[in-house]
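The values are calculated or read from the model by the stated rules, or taken from the named source; none is laboratory data. What you see is a predicted model, and the numbers here were worked out from it, not measured in a lab. Cβ sites come from the backbone with ideal geometry, for glycine too, and all protein chains shown count toward neighbours. Heads up: the accessible areas ignore ligands, DNA and RNA and are worked out on the full protein's heavy atoms, side chains in. Shrake-Rupley method; radii C 1.70, N 1.55, O 1.52, S 1.80 Å.
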Amino acid sequence: DGGITQSPKYLFRKEGQNVTLSCEQNLNHDAMYWYRQDPGQGLRLIYYSQIVNDFQKGDIAEGYSVSREKKESFPLTVTSAQKNPTAFYLCASSGLGTGTEAFFGQGTRLTVV
Amino acid sequence: GEDVEQSLFLSVREGDSSVINCTYTDSSSTYLYWYKQEPGAGLQLLTYIFSNMDMKQDQRLTVLLNKKDKHLSLRIADTQTGDSAIYFCADAAGGTSYGKLTFGQGTILTVHP
């Protein structure tokens, strides 16, 4: 089935460690996105990419890094510089045409212990 | 920057209609979306409306757009307990039409039997 797969579903990290969240899509979408969700704050855009080997910062990029080496994959690294990393992280993908729908993965819940 | 605002909570009785309201500030908005999120899951697109439309109906869902007041609403007819979820209003940022979205805080809909 076509869709977006995020892994793992739950992730625990010790303070001071980097951790990488995986996002893979088989929808042949050009664009991919990472959002962070905190209770009562909706979703905020971290990074997005419209083409392989290119990506742009969103509203809250500090403490995060991404890569887009393949069209299907857009991993997100939460670095030790992110001061408050505990959150629910959602990956999405879309085409670039008019009226294109964004499809979301099932999310990764990251907890810093 | 752009802003999207929603009320945080709505409680209705099963069989009644639910109306979830949203206001936005981006005057260049072309597409406005409603997403549904069930506990611990990703986002599911319910419907969207193009900015040159006043209303869109899709089975139990009715979307109303007042572009002058920058007000969007989602009406769910004959609300069921399975409709209990968080509902997000989202604006395609900068007039684009794909996944770079500005989200409201989400409205938690609780449906009582």
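Quick notes on this one:
- The single condition from (1) modelled with pLDDT under 95; (2) hydrophobic (A, V, I, L, M, F, W, C); (3) open to solvent by 50 Å² or more (accessible area, probe 1.4 Å) that A:Ala31 fails is (3).
This table checks each residue for (1) farther than 12 Å from A:Gln37 by Cβ; (2) within 10 Å of another protein chain (Cβ to nearest Cβ); (3) surrounded by fewer than 22 Cβ atoms within 10 Å (Cβ to Cβ).
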| residue | (1), (2), (3) |
| --- | --- |
| A:Glu69 | yes, no, yes |
| A:Phe74 | yes, no, no |
| A:Val78 | yes, no, no |
| A:Asn84 | yes, no, yes |
| A:Phe88 | no, yes, yes |
| A:Cys91 | no, yes, no |
| A:Ser94 | yes, yes, no |
| A:Phe103 | yes, yes, yes |
| A:Thr111 | yes, no, yes |
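- Condition broken by B:Ile49, with the remaining ones in (1) in a loop (DSSP other than H, G, I, E, B); (2) crowded, with 18+ Cβ neighbours inside 10 Å; (3) not acidic (Asp, Glu) satisfied: (1)
- Each residue in the stretch B:21-36 was checked for being open to solvent by 10 Å² or more (accessible area, probe 1.4 Å) and within 13 Å of another protein chain (Cβ to nearest Cβ), and 4 pass.
- Some residue of the stretch B:90-106 being small (Gly, Ala, Ser), closer than 30 Å to A:Tyr47 by Cβ and more than 14 Å from chain A (Cβ to nearest Cβ): no
- Residue pairs whose Cβ atoms lie under 9 Å apart, sitting 6 or more positions apart in sequence or on different chains, and linking a residue in the stretch B:63-85 that is of a type in the set (A, V, I, L, M, F, W, C) to a partner that is assigned to a helix (DSSP H, G or I), are B:Ile76/B:Asp83.
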